[in-house]
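First comes the structure, then the notes that go with it.
The values are calculated or read from the model by the stated rules, or taken from the named source; none is laboratory data. Bear in mind that the values here come from a model prediction, so they are computed numbers and not experimental data. For neighbour counting, all protein chains shown are included, and Cβ atoms are generated from backbone atoms with ideal geometry for every residue, glycine included.
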Amino acid sequence: MRRALVAALLVFPLSILSGCGSGLPAGTRWVAAWGAAMQGTAAGPHGPLPGDRAIDQTLRLIAPLTAGGDHVRVRLSNVYGASGARFQSITVAVRSHGAALMPATVQPVTFQGSRSVTLAPGSEATSDPVALALGAGQDLAVSLYVRGSSPVATLHVSQPTTSYFTAPGAGDATGDTGGQRFARASRLVPWLTAVDVLSREERGALVALGDSLTDGAGLPPDRDARWTDQLAARLQSLPSGRREAVVNEGIAGDSLTLAHSIPSGADRFARDVLGQSGANEVVLALGIEDVAAGVSAAAIEQAMLAIVRQSRKDGVRVYAATLVPAALAASERQVRLALNRWIRMSPSFDGVIDLDAALRDPLHRERLAPRYDSGDHVDPNAAGVRAIARVAAAALAGRG
């Protein structure tokens, strides 16, 4: 159960908090505490938003935080938009339950001092800092009021945490604390791509770049059931200074190299990983979709090495995950095995998270172990997810 901490306003001049590093109070840094990888409209249906538009309505988006701090800021994205997205009013607050908020925590959000903001096509914007004390494990509610009509072309289509929308034409409900006006539940996350906290306790952020295994396909909603959620809980149990936020940048169906309706991991790496505040480690958990599409082991290896080179320039450590068993043709199974051997032996990575060894059936190595199989023979069940979190935590345990 999430801690119901009452947030308190803290007094700091906002001018000293607006930067990403210099000028911050001693011992603090901006760290990404939540993220959602953005996709284009073609990625899936958007039932609560008829015609893929928000029309004079408020979206209350719920972000479970993996780190705490005394200030917060949000990043909005319109990277796939062909027209501008205008928000007349935005608030943040600690979520109580459902769409309800803890009333004393509701705070307005500004962008360069303005309550409204318009995102140009292809752009992102980070808010001014908001003084709000938050703890790891709390849910931040970000309420966006769209005045008029804005196409929803940038979103995450399958977030495991339920968010809430008012009906079209309902107007500005950003200050509604009871939540009764938010009658539409959804797992869509339009426009909100990151939440940062100003932290004194985090060493940085670990970013998980992955596919459905990371995105949480098939897992029950609202239970913090993804392996990244469970890893975050483990890392938050460490002493102050060794704790680390975990940011999930998984997209179901994503690949490392293939460009289609979903942006490839290679194409989105700079934005979704290196662009996260305080990112200092990445778990690279992509490749099985490439193998299934006939991409060679050599091509996948080169794409991974390109990511390693980009990471080194930014001082980001790279942990590679081996590919779990899947329903593959015989030739594709050989590619998966060859790629896993290379990952285990390559000196290029800072560590290996051996998901294949952890999840495969010891008697049938091209299958998931029955105790970890969700039933589709591809995605793990809850026990399999716990096994992934254990293996990831063990791989990270020896880092400096």
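Of everything in segment 236-250 that's over 15 Å from ASP196 (Cα atoms) and either hydroxyl-bearing (Ser, Thr, Tyr) or at pLDDT 95 or above (or both), which residue is farthest from the chain's Cα centre (by Cα)? Lay out the reasoning, then the answer.
So the first thing to find is which residues in segment 236-250 are over 15 Å from ASP196 (Cα atoms), and the list is 236-243, 250.
Subset that is either hydroxyl-bearing (Ser, Thr, Tyr) or at pLDDT 95 or above (or both): 237, 240, 250.
Working: SER237: 20, SER240: 23, GLY250: 7 Å.
The selected residue is SER240.
Anything in segment 259-269 that is more than 11 Å from ASP211 (Cα to Cα) and at pLDDT 95 or above? List them, or say none.
Correct list: ALA266, ASP267, ARG268, PHE269.
If I filter segment 232-246 for residues that are surrounded by fewer than 20 Cβ atoms within 10 Å (Cβ to Cβ), assigned to a loop (DSSP other than H, G, I, E, B), out of contact with any helix residue (DSSP H, G or I) (no Cβ under 9 Å at 6 or more places or on another chain) and among the hydroxyl-bearing types (Ser, Thr, Tyr), do I get at least one hit?
yes
Can you say whether ALA67 is closer than 23 Å to ARG223 by Cα, assigned to a loop (DSSP other than H, G, I, E, B) and modelled with pLDDT of 95 or more, as far as the supplied structure shows? If you could, list the steps in order and put the result at the bottom.
Values: closer than 23 Å to ARG223 by Cα: yes; assigned to a loop (DSSP other than H, G, I, E, B): yes; modelled with pLDDT of 95 or more: yes.
It is true that ALA67 is closer than 23 Å to ARG223 by Cα, assigned to a loop (DSSP other than H, G, I, E, B) and modelled with pLDDT of 95 or more.
Hey, can you tell me all the residues within segment 339-353 that are in contact (Cβ under 8 Å) with a residue 40 or more places away in the chain and charged (D, E, K, R)?
If the condition is that a residue be in contact (Cβ under 8 Å) with a residue 40 or more places away in the chain and charged (D, E, K, R), then ASP350 is the only one that fits.
Determine which member of the set VAL207, VAL157, VAL146, VAL130 is closer than 21 Å to ALA85 by Cα, at pLDDT 95 or above and β-branched (Val, Ile, Thr). Break it down stepwise before answering.
Numbers: VAL207 fails: closer than 21 Å to ALA85 by Cα; VAL157 fails: at pLDDT 95 or above; VAL130 fails: closer than 21 Å to ALA85 by Cα.
So the residue among VAL207, VAL157, VAL146, VAL130 that is closer than 21 Å to ALA85 by Cα, at pLDDT 95 or above and β-branched (Val, Ile, Thr) is VAL146.
For segment 153-187, what are the residues that are more than 13 Å from the chain's Cα centre (by Cα) and aliphatic (A, V, I, L, M)?
ALA153, ALA167, ALA170, ALA173, ALA183, ALA185 - these are the residues of segment 153-187 that are more than 13 Å from the chain's Cα centre (by Cα) and aliphatic (A, V, I, L, M).
Applying the selection to segment 249-278, what residues are buried (at least 24 other Cβ atoms within 10 Å of the Cβ) and in contact with a helix residue (DSSP H, G or I) (Cβ under 7 Å, 6 or more places away or on another chain)?
Selection gives GLU249, GLY250, ILE251, ASP254, SER255, LEU256, PHE269.
Identify, by number, the condition in (1) under 22 Å from the mean Cα position of the chain (by Cα); (2) at pLDDT 95 or above; (3) buried (at least 17 other Cβ atoms within 10 Å of the Cβ) that VAL335 doesn't meet.
Among (1) under 22 Å from the mean Cα position of the chain (by Cα); (2) at pLDDT 95 or above; (3) buried (at least 17 other Cβ atoms within 10 Å of the Cβ), VAL335 violates only (1).
Only residues that are closer than 23 Å to ALA306 by Cβ and either in contact with a Phe, Trp or Tyr (Cβ under 8 Å, 6 or more places away or on another chain) or among the hydrophobic types (A, V, I, L, M, F, W, C) (or both): list them for segment 345-391, please. Steps first, please.
Within segment 345-391, the first condition is being closer than 23 Å to ALA306 by Cβ, and the residues that meet it are 345-356.
Across segment 345-391, the qualifying residues are MET345, PHE349, ASP350, GLY351, VAL352, ILE353, LEU355.
Residue-by-condition table, conditions (1) assigned to a strand (DSSP E or B); (2) under 30 Å from GLY210 (Cα atoms):
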site: ALA33; (1), (2): yes, yes
site: ILE55; (1), (2): yes, no
site: LEU59; (1), (2): yes, yes
site: ALA63; (1), (2): yes, yes
site: VAL74; (1), (2): yes, yes
site: TYR80; (1), (2): no, yes
site: ALA136; (1), (2): no, yes
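If you check LEU192 against the conditions, is it over 15 Å from the mean Cα position of the chain (by Cα), surrounded by 17 or more Cβ atoms within 10 Å (Cβ to Cβ) and of a type in the set (A, V, I, L, M, F, W, C)?
Answer is no for this residue.
Between a first residue in segment 91-108 that is touching a residue at least 24 places away in the same chain (Cβ under 8 Å) and a second residue that is in a strand (DSSP E or B) and surrounded by fewer than 18 Cβ atoms within 10 Å (Cβ to Cβ), which pairs have beta carbons less than 7 Å apart while being 6 or more apart in sequence or on different chains?
THR91/GLN107; THR91/PRO108; VAL92/GLN107; ALA93/GLN107
Taking segment 224-239, which residues are out of contact with any Gly (no Cβ under 8 Å at 6 or more places or on another chain), farther than 24 Å from LEU274 by Cβ and touching a residue at least 40 places away in the same chain (Cβ under 8 Å)?
ASP224, GLN230, ARG234
Can you confirm whether segment 300-314 contains a residue that is of a type in the set (D, E, K, R), over 21 Å from VAL385 (Cα atoms) and buried (at least 22 other Cβ atoms within 10 Å of the Cβ)?
no
Please pick out the residue among SER149, SER199, SER143 that is among the hydroxyl-bearing types (Ser, Thr, Tyr), in contact (Cβ under 8 Å) with a residue 40 or more places away in the chain and in contact with a Gly (Cβ under 7 Å, 6 or more places away or on another chain).
Sole residue among the options that is among the hydroxyl-bearing types (Ser, Thr, Tyr), in contact (Cβ under 8 Å) with a residue 40 or more places away in the chain and in contact with a Gly (Cβ under 7 Å, 6 or more places away or on another chain): SER199.
Residue check: is GLU281 surrounded by fewer than 24 Cβ atoms within 10 Å (Cβ to Cβ), assigned by TED's automatic domain parsing to the domain that holds HIS377, of a type in the set (Asp, Glu) and out of contact with any strand residue (DSSP E or B) (no Cβ under 9 Å at 6 or more places or on another chain)? Spell out the reasoning first.
On the way: surrounded by fewer than 24 Cβ atoms within 10 Å (Cβ to Cβ): yes; assigned by TED's automatic domain parsing to the domain that holds HIS377: yes; of a type in the set (Asp, Glu): yes; out of contact with any strand residue (DSSP E or B) (no Cβ under 9 Å at 6 or more places or on another chain): no.
The answer is no for GLU281.
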